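Peer 1: This is the structure I want to talk about, given as structure tokens.
Every read-out reported here was derived from the displayed coordinates using simple, explicitly stated rules and does not represent laboratory data. Predicted model only: the values in this text are computed from it and were never measured. Methodologically, a virtual Cβ is constructed for each residue, glycine included, from the backbone with ideal geometry; neighbour enumeration extends over all protein chains shown.
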Amino acid sequence: MKKPKKKGRGKLYNSYKCAKCGNDYEKGWSDAECAKECEENFSKYPDSMEWDMAVVCDNCYKLLMLEINELSQEDIKKLADDYKRMVGG
């Protein structure tokens, strides 16, 4: 008799669903590497570091970064303020 798989183990643990396009992907980076990249790329937008984070695929990430890089600091602050109001912060 086979043992049931434990939650958080096996193939499912190494995959993710892109929060933008909804497709499933295999992880290419560790969680620590992702956190480090997030800090490196988004610490220049301090208001955004308070937002909830989502995992996106490489293609969606590239598209989002194009959009983000077009925003002014004022636009980012407005988005942060809107987000805080939305979540009750």
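Peer 1: Using the crude model of +1 on Lys and Arg Cβ and -1 on Asp and Glu Cβ, and no other charge, please compute the dipole size for region 15-87 relative to its Cα centre, in debye to 20.
Peer 2: That gives region 15-87 a dipole magnitude of about 140 debye.
Peer 1: Run the quick spin-label model on Lys44 and Lys62: label points 7 Å from Cα toward the beta carbon, then report their separation in nm to one decimal.
Peer 2: It is 2.0 nm.
Peer 1: Size of region 15-87 along its principal axes in angstrom, Cα-based, largest extent first?
Peer 2: Principal extents (largest minus smallest coordinate, Cα): 35, 25, 23 Å.
Peer 1: Note down the relative contact order for region 15-87 as a percent, whole number, built from C-alpha pairs under 8 angstrom at least six residues apart.
Peer 2: In percent, rounded to a whole number, it is 33.
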